[in-house]
Amino acid sequence: MTIEQLRNLYNAQPFQPFIIHLADGRSIPVRHRDFIMPAPSGRTVIVYQPDDSFNVIDLLLVTDWEVGSPAAAASASAS
């Protein structure tokens, strides 16, 4: 995933929740655009969860993302 691809998801109107899949097998839900923050360099992003936990993600380790999937919608409604 590139920072430009992430910005496209972030700026989508209307915003759609999505899931970031990582090379180590983890899946990180992004429930709302307020829950994601890119680093100035564009190499990493921080994704916050409703319980204030967060993940620091190196975009070079992202293998895929899901937009509008039932899993993404379910993770958004859980917040």
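Read the figures in this text as sums done on the coordinates, not as results from a lab. Because the structure is predicted, anything quoted here is derived from the model rather than measured. Reconstructed Cβ throughout: ideal geometry from the backbone, glycine too, with neighbour counts over all protein chains shown.
Rounded to whole Hz and in sequence order, give me ³J(HN,Hα) for segment 50-66 from the Karplus expression 6.51 cos²θ - 1.76 cosθ + 1.60, θ = phi - 60°, writing x for Gly and Pro.
x, 8, 6, 6, 8, 10, 9, 10, 7, 5, 5, 9, 7, 9, 6, 9, 10
Report the calculated FRET efficiency for ALA23 and ILE3 (r = Cβ-Cβ distance, R0 = 25 Å), to the nearest 0.05. Write down the numbers at each step before the final one.
Details: r = 17 Å, r/R0 = 0.70.
According to the calculation, E is roughly 0.90.
Among ILE28, ILE46, which comes first, then next, by fewest other beta-carbon atoms within 10 Å? Write down the numbers at each step before the final one.
Working: ILE28 19, ILE46 13.
Listing ILE28, ILE46 from fewest to most nearby Cβ atoms yields ILE46, ILE28.
List the relative contact order of the chain as a percent without decimals, with contacts defined as Cα pairs under 8 Å and 6+ residues apart.
So the answer I get is 36 percent.
Would you order ILE3, ILE19 from fewest to most other beta-carbon atoms within 10 Å of each residue's own beta-carbon? All intermediate terms of the calculation are to be shown ahead of the outcome.
Details: ILE3 16, ILE19 19.
By the 10 Å Cβ count, ascending: ILE3, ILE19.
With charges set only on the Cβ (+1 for Lys and Arg, -1 for Asp and Glu), what does the dipole of segment 3-77 come to about its Cα centre, in debye to the nearest 20? Walk me through the numbers before you get to the answer.
Details: 5 positive and 8 negative charges, 30 e Å.
Computed charge dipole of segment 3-77: roughly 140 debye.
I'm spelling it out carefully: the read-out is volume of the Cα convex hull per residue in Å³, the candidates are (1) 150; (2) 97; (3) 86, and one was derived from this structure. Which label?
Checking each listed value against the structure points to (3).
Compute the length gained on full extension between TYR10 and ASP34: take 0.36 nm times their separation in residues and subtract their Cα-Cα distance, giving the result in nm to one decimal. Don't skip to the end; give the middle numbers.
Working: separation 24, 0.36 × 24 = 8.64 nm, distance 0.92 nm.
7.7 nm is the gain from fully extending TYR10 to ASP34.
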